[in-house]
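See below for the structure under consideration.
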2 protein chains.
Amino acid sequence: MKASQFFISTLKEAPADAEIVSHKLMMRAGFIKRLGAGIYSYMPMGLRVIRKVENIIREEMNRAGAIELLMPVVQPAELWQETGRWDKMGPELLRVKDRHERDFAIQPTSEEVVTDIARQELRSYRQLPKNFYHIQTKFRDERRPRFGVMRGREFTMKDAYSFDRDFESAHKSYDAMYAAYVRIFERMGLRFRAVAADTGAIGGQASHEFQVIADTGEDAIIYCEQSDYAANIELAEAVPLIAQRAAPSLPLAKTPTPGKSTCRDVADLLQLPLARTVKSLVLASDEKNEAGDVVKTIVWLLLVRGDHDLNEVKTGKLEGLKAGFRFATGAEIEDHFGCKPGYLGPIGLKKPVKIVADRTVANMSDFVCGANDADFHYTGVNWGRDLPLPDVVADIRNVVAGDPSPDGKGVLAIQRGIEVGHVFLLGTRYSKDMNATYLDEAGKPQLMVMGCYGIGVTRILGAAIEQNHDERGIVWPAAIAPFTVVVCPIGYDRSADVKAAADRLHEQLAEAGIDTVLDDRGERPGAMFADWELIGVPHRVVISDRGLKDGKVEYQGRRDAEATPVAEAEVFGFLREKLSA
Amino acid sequence: MKASQFFISTLKEAPADAEIVSHKLMMRAGFIKRLGAGIYSYMPMGLRVIRKVENIIREEMNRAGAIELLMPVVQPAELWQETGRWDKMGPELLRVKDRHERDFAIQPTSEEVVTDIARQELRSYRQLPKNFYHIQTKFRDERRPRFGVMRGREFTMKDAYSFDRDFESAHKSYDAMYAAYVRIFERMGLRFRAVAADTGAIGGQASHEFQVIADTGEDAIIYCEQSDYAANIELAEAVPLIAQRAAPSLPLAKTPTPGKSTCRDVADLLQLPLARTVKSLVLASDEKNEAGDVVKTIVWLLLVRGDHDLNEVKTGKLEGLKAGFRFATGAEIEDHFGCKPGYLGPIGLKKPVKIVADRTVANMSDFVCGANDADFHYTGVNWGRDLPLPDVVADIRNVVAGDPSPDGKGVLAIQRGIEVGHVFLLGTRYSKDMNATYLDEAGKPQLMVMGCYGIGVTRILGAAIEQNHDERGIVWPAAIAPFTVVVCPIGYDRSADVKAAADRLHEQLAEAGIDTVLDDRGERPGAMFADWELIGVPHRVVISDRGLKDGKVEYQGRRDAEATPVAEAEVFGFLREKLSA
């Protein structure tokens, strides 16, 4: 490809609304163009990357036995009503009425449509398992679209759906997709981690996120260097940091802590480690009657160590909170604790509250907590002596780096990640709602067991850049670079020698199936090099009269600090070797 | 590809709502699945055809210098308001509000978005010409979606847009696209015709439709076998069928024609050729003031020969009717002609009407027309003698087969076609509305001259089938068949010889890059053959023990009446030769 026949448009500065590096670089390198909030056109340079990403995904999906089809973007509301998602999904689901006032959804995913196909097409156990996928435009009306393609509204997603006769078989389909995803992200040259994720309220059986490792990632990934344990922070199990509760050694004392409403401030004031303090969080759960009126409210006090954070997903799994919870109101707190937030604790309650202690808190002794009296904390608090044992002991905190791994094989570490893929063993959640059954050997209808498997195609561009960039621009992994090699002739229009050498190399590379761009735009060398470094092409060959005089050209890998002279006669072989390495 | 690893789903009967053969066959062969009115899922078999169609289009677009990008499906209303299409397009434009109540269009085409990109990106004459295209999901909310993919609501379209510095250059871009389209449809193996089309009211400069020839086509294509003249019926010029008006030979006579209100009935009654009669059509044009109130109405009488039909597109180009026209009301007719329709004519008007005679009518003599008196016609009518010459003489009729070609080189014929592509030299219609300018050599801003070029990707499937089918099913042209070769082993599971021979041929063909499916489903031969004939795979090889005993397999082309025995050892070479032919 000659650059003059392509479209290259780079910018010195990123627009002001680009907050993160991948967004800035994609705008500057001319990969995307903003059309509206969270809506982008993919410019020719960006589309080349998308196509390479799609091709890798397609090859590995096909290899894993999945079958490609294409489901519509505009989908009838009736199907979404069958599963209840029409009502359950909030404003994120873009809804539209056609000329006959019929309701449609602009697809964010396609569970409903694919299940509708499956219930019509897959009638016998002999037709199972099947896995259908498509690579198609999706829309999610994000409240606050941002970060370019990372949290856009319109995006391209690969979504696959497996249908199996039972859970045993479904687990195999799931494992096959997991393995395909590993191959996909490996082939893309990304550093990633598959982490166990919460299966949520819909009763899934297994779930893993594929996270591209990047310091700027929105997600916290928990992993163990001594084992293969990895989970996202919502799921990662926090074991008790104290194996057994020690006997009390301090007396209970009400201590003035004027104006010190945080654990950190109290610990500093009392010159104690933060790990000696206990944080109080007050939630409320409402019981409603059929008319939706609140008939009963329970107030909950959740206790986590002062240096820990409450995990809301784990909290939502507590018996009594599964149906939902909220923060307690100021009035409810005053009513139950007789005190304002900042000095709350489990001792001396005005009305009964349900007390949940994190596993670690339950084993603490001589700890510090609020005294339910403004500007006072208790010190030397001990379970069983100063207050009854907690009503519930549970894992309700986020793990922190250095925690023991729940598999007992080492300690946990935390890194940041960007979710680019998700595999989910759905079970019968959709097949049940939509009555998607097959006939088993006995001719009896059975619900199909489903899995769903997504990859954010366009998001991968952002994630790959967050992971692979430097101060000069993007550093694409070769497999998904817009071009693999750029040939930069200096004086293409002026020097017949340079032109001949550049054309020859370009042709050789193209014939060998190596995706090459020849920059014949006539830019000055500095601007030309800056463009391709910004764009992030992994291999560059500079051809100049000065070099050719000595029979040399210059090779520089995108991560190399400097150029390497290579004999012009050997540069094609040199590159071919580099690329096969 | 082994059939067992793919998804094949055929039906004996097409669903009742499938009206035309392509729709029936696509449903029966499992290419598409209906999701809603005019909305289909493309099943794996159908998607294979789509991908082949897209690849041919993409290769030829790239070869012609067009550059692929990807523009969004959901597009902000603001851009559509700039060109006025937000208001001008009726309910066919699917409109949606996001969570912030902002308006968006679900794209039916992308003129606005691409022009927005161009006005930002193409700033200098040095960057022109440019041609951007994408292959993307479109939506058009048809009032009456039908005929499967032929008139669906959601569909895939390739739309390209060229930007040039002036009309001369734009014509070159147009010609390049025209040539690319010819290559595209030739490579697809379709019989087609490029026909000149009307450039409409938006001031385009040139327009051609690419029509796939099929008896079931919705469009009438006019062409000349003696020359390369071809146009659609809206545009095709009708020359006068009478070179010069003959002198009157009959007296004017008012003749009773009771109950005979059509030209056909009158001709039969009077035992005259239909070509001696003249048909009267009454239109009205309203002049409105700025408030939109009608301030003046002109009534028009249009005269075409009794065996001809009025052409509304040509009529709309008449001075005075360009702004729009309607059929006259009963009251207006009564008021101007003093007579009810069926007996109207240009003689003896009660109030002035503007008389437009078709070119042929203007040269007729001794003709028959209504007498503006119920149940009476005039015979022996002659211009200049019985009535003044017409106010306007113009081409206002559809051509008919046998008309002289307007290029003077033969006679016209008519065939039916299905429009699958359209090239249109837009001029500055969009660049003007959106102020898409570039700086010329003098640094002066100039409007870009645009062209747009569409191909209905999914519609091509329907058109190809309408053109290529028989009583057994689809007969795909090889280039866009879902598979090129099907290997049908008889007893794949029972006979080691059959299995070995089938696997061997399958592997050989796959290695040679020939898209082959091996039917290992274990169907009975009759059902297996019927499936592949319905699906329309162009080449079939049957491998059986009976044949192998003699070292033979059977080859049958999809259009062949019977099978040809081929030595098993030679069948790969035989197929390779067939396919390269």
Seminar exercise, completed: Residue hits (the stretch A:541-550; surrounded by 12 or more Cβ atoms within 10 Å (Cβ to Cβ) and part of a loop (DSSP other than H, G, I, E, B)) are A:S544
Problem set entry | Failed criterion for B:S9 (all others in (1) within 11 Å of another protein chain (Cβ to nearest Cβ); (2) touching a strand residue (DSSP E or B) at 6+ places or on another chain (Cβ under 8 Å); (3) open to solvent by less than 30 Å² (accessible area, probe 1.4 Å) hold) | (2)
Exercise. Which residue pairs have Cβ atoms under 9 Å apart, sit 6 or more places apart or on different chains, and have a first residue in the stretch A:27-49 that is closer than 26 Å to B:R102 by Cβ and a second that is of a type in the set (D, E) and in a helix (DSSP H, G or I)?
Worked result: A:K33/B:D116; A:K33/B:E121; A:L35/B:D116; A:G36/B:E78; A:S41/B:D116; A:M43/B:E121
Problem set entry | Every residue from the stretch B:36-74 that is farther than 29 Å from B:A479 by Cα and either surrounded by fewer than 22 Cβ atoms within 10 Å (Cβ to Cβ) or more than 7 Å from every other protein chain (Cβ to nearest Cβ) (or both) | B:G36, B:A37
Seminar exercise, completed: When the stretch A:254-266 is checked residue by residue, the ones that are over 19 Å from A:L241 (Cβ atoms) and either out of contact with any His (no Cβ under 8 Å at 6 or more places or on another chain) or not in a helix (DSSP H, G or I) (or both) are A:K254, A:T255, A:P256, A:T257, A:P258, A:G259, A:K260, A:S261, A:T262, A:D265
Exercise. How many of the residues making up the stretch A:50-93 are over 23 Å from A:M150 (Cβ atoms), of a type in the set (S, T, N, Q) and free of Cβ contacts under 8 Å to residues at least 60 places away in the same chain?
Worked result: 3
Exercise. Can you name the residue in the stretch A:313-332 that is in a helix (DSSP H, G or I) and buried (at least 19 other Cβ atoms within 10 Å of the Cβ) and is also farthest from the chain's Cα centre (by Cα) among such residues?
Worked result: A:T315
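Could you say which residue among B:F104, B:F147, B:F167 is assigned by TED's automatic domain parsing to the domain that holds B:M27, on the phi > 0 side of the Ramachandran plot and either modelled with pLDDT of 95 or more or of a type outside the set (K, R) (or both)?
Details: B:F104 fails: on the phi > 0 side of the Ramachandran plot; B:F167 fails: on the phi > 0 side of the Ramachandran plot.
After applying the criteria, what remains is B:F147.
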Problem set entry | Any hit, the stretch A:21-33, residues being within 11 Å of another protein chain (Cβ to nearest Cβ), on the phi < 0 side of the Ramachandran plot, part of a strand (DSSP E or B) and not hydrophobic (A, V, I, L, M, F, W, C) | yes
For this session: Go over the candidates A:K130, A:K158, A:K97 one by one and state the one that is in the same structural domain as A:I455 (by TED's automatic domain parsing) and open to solvent by 10 Å² or more (accessible area, probe 1.4 Å).
Result: A:K130
Problem set entry | Residue list for the stretch A:553-577, restricted to those being surrounded by 13 or more Cβ atoms within 10 Å (Cβ to Cβ) and in contact (Cβ under 8 Å) with a residue 40 or more places away in the chain | A:V553, A:R558, A:E568, A:V571, A:F572, A:L575, A:R576
For this session: Would you mind stating whether A:A196 is outside the structural domain of A:V313 (by TED's automatic domain parsing) and either among the basic types (K, R) or at pLDDT 95 or above (or both)?
Result: no
Problem set entry | Of the criteria (1) buried (at least 16 other Cβ atoms within 10 Å of the Cβ); (2) within 10 Å of chain B (Cβ to nearest Cβ), which one A:R140 fails | (2)
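Out of the strands (runs of 3 or more DSSP E) lying entirely within the stretch A:86-173, which hold 2 or more residues that are of a type in the set (G, A, S)?
The qualifying strands (runs of 3 or more DSSP E) are A:154-164.
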Problem set entry | Close pairs (6 angstrom Cβ cut-off, 6 or more residues apart or separate chains): assigned by TED's automatic domain parsing to the domain that holds B:L461 and more than 20 Å from B:W476 (Cβ to Cβ) in the stretch B:173-187, open to solvent by less than 20 Å² (accessible area, probe 1.4 Å) and in a helix (DSSP H, G or I) anywhere | B:A180/B:E60
Exercise. Pick from the stretch A:83-131 the residues that are more than 10 Å from chain B (Cβ to nearest Cβ) and among the aromatic types (F, W, Y): which of them is nearest to the chain's Cα centre (by Cα)?
Worked result: A:W86
Exercise. Can you tell me how many residues in the stretch B:496-530 are open to solvent by less than 20 Å² (accessible area, probe 1.4 Å) and more than 39 Å from the chain's Cα centre (by Cα)?
Worked result: 4
For this session: Have a look at A:G522, A:G547, A:G551, A:G573 and point out the one that is modelled with pLDDT under 95 and outside the structural domain of A:G421 (by TED's automatic domain parsing).
Result: A:G522
Exercise. Quick check, is A:R144 within 17 Å of the chain's Cα centre (by Cα) and free of Cβ contacts under 8 Å to residues at least 24 places away in the same chain?
Worked result: yes
Exercise. Across the stretch B:342-363, what is the number of residues that are in a strand (DSSP E or B) and open to solvent by 60 Å² or more (accessible area, probe 1.4 Å)?
Worked result: 1
Problem set entry | Total residues in the stretch A:293-310, condition open to solvent by 40 Å² or more (accessible area, probe 1.4 Å) and out of contact with any helix residue (DSSP H, G or I) (no Cβ under 7 Å at 6 or more places or on another chain) | 7
Exercise. Is it the case that the stretch A:156-170 has a residue that's within 10 Å of chain B (Cβ to nearest Cβ) and either of a type in the set (F, W, Y) or farther than 21 Å from A:Y430 by Cβ (or both)?
Worked result: yes
For this session: Answer yes if at least one residue in the stretch A:298-311 is farther than 30 Å from A:A196 by Cβ and out of contact with any strand residue (DSSP E or B) (no Cβ under 6 Å at 6 or more places or on another chain), and no otherwise.
Result: no
Exercise. Do we find that A:D335 is among the charged types (D, E, K, R) and assigned to a helix (DSSP H, G or I) in this structure?
Worked result: yes
Problem set entry | Only one of B:A14, B:A18 that is under 22 Å from the mean Cα position of the chain (by Cα), modelled with pLDDT under 95 and either outside any helix (DSSP H, G or I) or more than 12 Å from every other protein chain (Cβ to nearest Cβ) (or both) | B:A18
Exercise. Listed residues B:L235, B:L269, B:L190; which is open to solvent by 30 Å² or more (accessible area, probe 1.4 Å) and assigned to a loop (DSSP other than H, G, I, E, B)?
Worked result: B:L235
Problem set entry | Some residue of the stretch A:403-419 being under 22 Å from the mean Cα position of the chain (by Cα), of a type in the set (D, E) and open to solvent by 30 Å² or more (accessible area, probe 1.4 Å) | yes
Exercise. Does A:D493 count as touching a Gly at 6+ places or on another chain (Cβ under 8 Å), assigned by TED's automatic domain parsing to the domain that holds A:E570 and surrounded by fewer than 17 Cβ atoms within 10 Å (Cβ to Cβ)?
Worked result: yes
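The values are calculated or read from the model by the stated rules, or taken from the named source; none is laboratory data. Since this is a predicted model, take the numbers as computed values, not measurements. Virtual Cβ from ideal backbone geometry, glycine too; neighbours counted across all protein chains shown. SASA here: full protein model, heavy atoms, side chains in, ligands and nucleic acids out. Shrake-Rupley method; radii C 1.70, N 1.55, O 1.52, S 1.80 Å.
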